[in-house]
Amino acid sequence: MEEYFVKAQNNYLCNTSYPLNKENWSKYKIKKYDLFEDEKNLNFYIHIPFCRKLCAFCEYIKYPKTNIEIEEKYVNILEKDINKFIETHANIKLHGLDVGGGTPTALEIKPFTHLMQICKALIHKLELVEDFEPSIEGTFETIDDNKLKEIYNAGFKRISLGIQTMNLNILAKNNRQNLETKDLIQRCNLIKKHGIKKINIDFMYGLEGQTLKDLDDAIALVKKMNVEQITLYEMRYNLISKQKKIDREFLFEQYEYIYNKLIDLGYYARFGQNTFSKDEKDLGLSSYLRSRMIDNISYKGFGISAQSKSKIGMSYNIGKSRKSINECMKYNSFIEEDLYLLPKEELLAKYIAISMYFGEFKISIMKEILGEEPLDYYKNEFQFLLKNDYILINQDKIILTKKGFKYYGAIGALFYSKNVKTYLLGCEN
Ligand SMILES: C[S@@+](CC[C@H](N)C(=O)[O-])C[C@H]1O[C@@H](n2cnc3c(N)ncnc32)[C@H](O)[C@@H]1O
Ligand code: SF4
């Protein structure tokens, strides 16, 4: 186990992604199946893949904006897919709704308004959980009065905007530009003026060329903006490069540095969590992310490349293999291109990998997935983790310690299925 742990520690694929390779699941692939036939408790995710410019570091499926007709067609297909799903699945109880991308706010105002009407209709039509908190992603330069008005009217109370870094060299190398500080602050005020209560800002660490001084600049900006929530993303290379080396010491140093500064500024987060919140009772997550990561609530994704996960399997919509946008739209539906019925070991591994964003997972959920006592089922793994002080167990929760957080990817890798473990052992690194 020691050897496997070191192997996983040094492999750039071991983070919050799972499986490591599409081929890992080829034997579970099926043609057609309704993964959500028996499910009532759901999250919805809507993917908008358009951006003004494409950042080189970005792992997500996105396309450069071209013309409004494509955007209109895209939103029309989304509407059809969403309506079809709701018509064929009765009594849905919605836990969360996230609109992400790409950059949803980069849409032209007409398709954007249409998208907001679709979301508003969903929010009004479906039964919602009490702490339902829908959220939308965007960038500062693509929001304005008109779009903010639509966002508020549709029912969104949280908006998540990316900055990543303020280092002009790193931004330029990655084909990205941010607004100047005074304009960023002005737009935060505009968001508040429109009644949107929570602003989350994304920052990244571990970017090539990034230093602690850059993190200081990010912190100085956070201080001026005084937003409710901050999310820290560790740079991932899974889908964008064949990078072989990762430096966990360097990543840990950057996380620890920015963690301490954010706590000093009055944000709350357990060490190892990637979300920070001004409100101690708020985990800094939309209800989609909260219920998906912590409570393993199933999610249905709409749009190009969106993934869905139910209690029995997963699917990925057309586009994951980076087809052209026209190719993806030719069926007039964002069809499920890859569909997998999964055994419990795979479902468990996926749950743990997702929860590594948050640095904790629940014994009761592991038990629900496995149908067996997890502390027995993974006896050796838990012994190893406890012996090395990588985790602590607090009632139902398994929480990564500070030492454990440094190796969160390798900890997740202990719970990979046999199949995926074998694949990892065969990787070069
Ligand atoms: C789907 S992106 C959308 C955000 C928005 N379009 C923007 O650029 O601000 C959500 C977040 O993922 C993070 N992200 C993008 N590429 C990443 C990568 N390769 N590794 C880790 N995080 C990444 C960024 O922090 C980004 O804000
Ligand atoms: S980081 Fe945001 S703006 Fe940049 S390419 Fe990714 S989704 Fe688009």
Restricting to the range 219-236, and then to whatever is more than 14 Å from ligand 2 (Cβ to nearest atom) and not in a helix (DSSP H, G or I), can you tell me which residue is surrounded by the most Cβ atoms within 10 Å (Cβ to Cβ)? Ile230
Starting from the range 160-183, take each residue that is among the acidic types (Asp, Glu) and list its partners that are outside any loop (DSSP other than H, G, I, E, B) and more than 10 Å from ligand 2 (Cβ to nearest atom), counting only C-beta distances under 9 angstrom and pairs at least six apart or across chains. Asp183/Phe140
Would you say Leu115 is in contact (Cβ under 8 Å) with a residue 40 or more places away in the chain, in a helix (DSSP H, G or I), crowded, with 19+ Cβ neighbours inside 10 Å and more than 16 Å from ligand 1 (Cβ to nearest atom)? no
Scan the range 84-93 and tell me whether some residue there is more than 28 Å from Phe36 (Cβ to Cβ) and more than 16 Å from ligand 1 (Cβ to nearest atom). no
Can you tell me how many residues within the range 362-389 are closer than 24 Å to Arg290 by Cβ and hydroxyl-bearing (Ser, Thr, Tyr)? 1
Where in the range 127-218 are there helices (runs of 4 or more DSSP H), lying wholly inside it, with at least 2 residues that are of a type in the set (Asp, Glu)? 145-154
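Yes/no per residue for (1) of a type in the set (Gly, Ala, Ser); (2) modelled with pLDDT of 95 or more:
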site	(1), (2)
Gln186	no, yes
Ile230	no, yes
Asn238	no, no
Ile263	no, yes
Ala269	yes, yes
Gln273	no, no
Ser287	yes, yes
Output for the range 118-152, where each listed residue is closer than 21 Å to Leu184 by Cα, surrounded by 16 or more Cβ atoms within 10 Å (Cβ to Cβ) and not charged (D, E, K, R): Ser135, Ile136, Gly138, Thr139, Phe140, Thr142, Ile143, Leu148, Ile151, Tyr152
Of the numbered conditions (1) of a type outside the set (Gly, Ala, Ser); (2) under 24 Å from the mean Cα position of the chain (by Cα); (3) outside any helix (DSSP H, G or I), Asn91 fails exactly one; give the number of that condition. (2)
When you look at Gly284, is it assigned to a loop (DSSP other than H, G, I, E, B) and surrounded by 18 or more Cβ atoms within 10 Å (Cβ to Cβ), yes or no? yes
Boolean, Tyr60 is within 16 Å of Ile240 (Cα to Cα), hydroxyl-bearing (Ser, Thr, Tyr) and surrounded by 15 or more Cβ atoms within 10 Å (Cβ to Cβ): yes
Checking Phe140, Phe156 in turn, the sole residue that is away from ligand 2 (no atom under 16 Å from the Cβ) and either in contact (Cβ under 8 Å) with a residue 60 or more places away in the chain or closer than 30 Å to Ile258 by Cβ (or both) turns out to be Phe156
Can you run down the residue pairs with Cβ atoms below 6 Å, 6 or more apart or on separate chains, where the first is in the range 206-224 and within 11 Å of Met166 (Cα to Cα) and in the same structural domain as Thr165 (by TED's automatic domain parsing) and the partner is part of a loop (DSSP other than H, G, I, E, B) and among the β-branched types (Val, Ile, Thr)? Asp214/Thr165
Wholly inside the range 315-416, strands (runs of 3 or more DSSP E) that include 1 or more residues that are under 23 Å from Asn24 (Cα atoms) and within 22 Å of the chain's Cα centre (by Cα) are 336-341
Of those in the range 81-107 that are of a type in the set (D, E, K, R) and within 30 Å of Arg52 (Cβ to Cβ), the residue farthest from ligand 2 (Cβ to nearest atom) is Asp81
Inspect the range 33-52 for any residue being buried (at least 23 other Cβ atoms within 10 Å of the Cβ), within 16 Å of ligand 1 (Cβ to nearest atom) and either outside the structural domain of Glu150 (by TED's automatic domain parsing) or in a helix (DSSP H, G or I) (or both) and give the result as yes or no. no
Can you tell me which residue among Tyr416, Tyr378, Tyr357, Tyr390 is under 21 Å from Asn238 (Cα atoms), modelled with pLDDT of 95 or more and surrounded by 16 or more Cβ atoms within 10 Å (Cβ to Cβ)? Tyr416
Given the conditions (1) basic (Lys, Arg); (2) buried (at least 22 other Cβ atoms within 10 Å of the Cβ); (3) at pLDDT 95 or above, and given that Arg292 satisfies all but one, which numbered condition is not satisfied? (3)
Filter result (away from ligand 1 (no atom under 13 Å from the Cβ) and not in a helix (DSSP H, G or I)) within the range 53-74: Thr66, Asn67
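Let's see how each residue does on (1) within 22 Å of Asn394 (Cα to Cα); (2) more than 21 Å from the chain's Cα centre (by Cα):
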site	(1), (2)
Lys245	no, yes
Phe250	no, yes
Tyr257	no, yes
Asn260	no, yes
Leu265	no, yes
Ala269	yes, no
Gln273	yes, no
Lys278	no, no
Gly284	yes, no
Only one of these is under 15 Å from Phe5 (Cβ atoms), in contact (Cβ under 8 Å) with a residue 60 or more places away in the chain and of a type in the set (Lys, Arg): Lys362, Lys421, Lys387. Name it. Lys421
Any hit, the range 196-215, residues being more than 29 Å from Cys14 (Cα to Cα) and in contact with a Phe, Trp or Tyr (Cβ under 8 Å, 6 or more places away or on another chain): yes
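The values are calculated or read from the model by the stated rules, or taken from the named source; none is laboratory data. Just so it is clear, the structure is predicted and the values come from calculations on it, not from any experiment. Note: ideal-geometry Cβ built from the backbone for every residue, glycine included; neighbour counts use all protein chains shown.
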